[in-house]
1. Looking at segment 323-338, which of the residues that are among the acidic types (Asp, Glu) and farther than 16 Å from ALA269 by Cα is surrounded by the most Cβ atoms within 10 Å (Cβ to Cβ)?
2. When only residues in segment 105-118 that are open to solvent by 30 Å² or more (accessible area, probe 1.4 Å) and not in a loop (DSSP other than H, G, I, E, B) count, which is modelled with the lowest pLDDT?
3. Taking the conditions exactly as written (among the basic types (Lys, Arg) and at pLDDT below 95), does ARG323 satisfy them or not?
4. Looking only at segment 272-292, how many residues end up being of a type in the set (A, V, I, L, M), touching a Gly at 6+ places or on another chain (Cβ under 9 Å) and not in a strand (DSSP E or B)?
5. Go through segment 119-132 and count every residue that is under 11 Å from ASP383 (Cβ atoms) and part of a loop (DSSP other than H, G, I, E, B).
6. Only one residue in ALA168, ALA156, ALA88 is open to solvent by less than 50 Å² (accessible area, probe 1.4 Å), at pLDDT 85 or above and either in contact with a strand residue (DSSP E or B) (Cβ under 8 Å, 6 or more places away or on another chain) or of a type in the set (A, V, I, L, M) (or both), so which one is that?
7. Are any residues in segment 171-183 without any contact (Cβ under 8 Å) to a residue 60 or more places away in the chain and open to solvent by 10 Å² or more (accessible area, probe 1.4 Å), and if so, which ones?
8. Which of the residues that make up segment 344-365 are open to solvent by 30 Å² or more (accessible area, probe 1.4 Å), out of contact with any Leu (no Cβ under 9 Å at 6 or more places or on another chain) and over 23 Å from VAL319 (Cα atoms)?
Amino acid sequence: MNLATDRRPLPVHEDGIWPAGLNGALPNLRAHARLARASVGTFLLIAGVLAAAILLLAVGAGRAESGELRLAAPDKLKCIRRIRSGDALLGGIHTGNRPEHLVVQRCDGLWLSLRVRDGSLRMVSIASRMVPKFRPKAKPFAIPDARVAVGRRNIAEAWLIRPTKRYAHGVLGDAIEAGGLAVSSQRTRRRIDLVLEENQVFEDRLARLADVDGDAATDEIIVVQAHVRRGASLAIYGLKGAPGKEYLHLLARTPWLGRANRWLNPAVAADFDGDGRVEIAWVETPHINGVLKVGRLEKAGDGWRLRELAALKGFSNHVPGSRELQQAVAVDFTGDGRPEIVLPTQDRTHIAAVRFDGQQLQVVDTTAIQGVLDSSLQAADIDGDGVGEVWLINRDGLLQAVQPSLNSAGQTPTP
């Protein structure tokens, strides 16, 4: 199923709100909407008073037989530059969060919060300082394009440091990579650094934070680590030691890909098979025959290992030279209470939902997108129906959303 902006005008109801559609409610956003005349109000937002222009768009209800979902967008949504969904990605990797609002930036710079209430889409203009984003403040020794990931457990922040040109791959758009990793401790706010050997780099923009060891108390750091002759690997680091004596320690990593200029991109981290343990998904060589892999951090004697569990070809979550790394989310597309891995196919013309059942990976849903994907993927549930949407923008600034294409029995058909 695909939801996209539709420029066909619809009439505006006299009271400024187009009436609800066939079923009166909005279970799946499957309908048309048109900008209504709305008043300008003042809203109290996060303990501060912001002037907010409230724009109401009517959204008719009901699921079309074809499974299509369309949002008839007014001029206010014709050109979108960026999208955010709450703070779900501030840790650097999606772990299944699904906020009930979406934040978009128009091409003129204005930020809007989108949320469906009472059968209508509310668009609230917000100040840029209220937009969830990676902290832009300068960090000591940070690489030029570093993003600072924010944690809520033992690590307050994590970022990549020590710019170096010793690995001339340039997969992220320049010749600068990171020679080290830094975090700040949640307990002491002390900065802890780790410096790599001269034959290695972090071929990445961010150090992702997620609890992948199952202790529910600490975050681990997920990052792409590359050898100058052997290519990339997926590495997991932990913060160890007593307060004031903490240090960063490599817990586990995958084997090097085998040759220089071979790269991988982390995708998502969640419990995909429902066994109570978190798995990590990543795409190896996303630019050439991309292989989606799933693995799990497991105890191995006195240490840890990152055990590969399954693999499936045909996916890409990165464009060569692009700075955008977050093109995958974890969303329940089948209604079984377990998230699927949602990411672009290799040709980037479709969004696929891939199920991991504990043994193998299987594509359970694919949806064609309009145009060429040119943004991160964001997961949200703006209509609050319990079925998440995956939001994206194409190169023409067209805002689109993808939901599962359910059949009449409310089930996702298996391809």
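1. First, the residues of segment 323-338 that are among the acidic types (Asp, Glu): 324, 332, 336.
This time we only want the ones that are farther than 16 Å from ALA269 by Cα, so: 324, 336.
Values: GLU324: 16, ASP336: 13.
Once the filter is applied, the top-ranked residue is GLU324.
2. Per the stated criteria, the residue is ARG117.
3. On the way: among the basic types (Lys, Arg): yes; at pLDDT below 95: yes.
Criteria met by ARG323.
4. If we filter segment 272-292 for residues that are of a type in the set (A, V, I, L, M), which is where we start, we get 278, 280-281, 283, 288, 291-292.
Filter once more, keeping what is touching a Gly at 6+ places or on another chain (Cβ under 9 Å): 278, 280-281, 283, 291-292.
With the extra rule that they be not in a strand (DSSP E or B), the set shrinks to 278.
Of the residues in segment 272-292, 1 are of a type in the set (A, V, I, L, M), touching a Gly at 6+ places or on another chain (Cβ under 9 Å) and not in a strand (DSSP E or B).
5. Going through segment 119-132 one residue at a time, the tally reaches 1.
6. Values: ALA168 fails: open to solvent by less than 50 Å² (accessible area, probe 1.4 Å); ALA88 fails: at pLDDT 85 or above.
The unique qualifying residue is ALA156.
7. Applying the first criterion (without any contact (Cβ under 8 Å) to a residue 60 or more places away in the chain) to segment 171-183 yields 174-180, 182.
ASP174, ALA175, ILE176 - these are the residues of segment 171-183 that are without any contact (Cβ under 8 Å) to a residue 60 or more places away in the chain and open to solvent by 10 Å² or more (accessible area, probe 1.4 Å).
8. ASP357, the sole residue that qualifies.
The values are calculated or read from the model by the stated rules, or taken from the named source; none is laboratory data. These numbers were taken from a predicted model, which means no experiment stands behind them. Counting neighbours? That spans all protein chains shown, and the Cβs are built from the backbone with ideal geometry, glycine included. All accessible areas refer to the heavy atoms of the entire protein, side chains included, with ligands and DNA or RNA removed. Shrake-Rupley method; radii C 1.70, N 1.55, O 1.52, S 1.80 Å.
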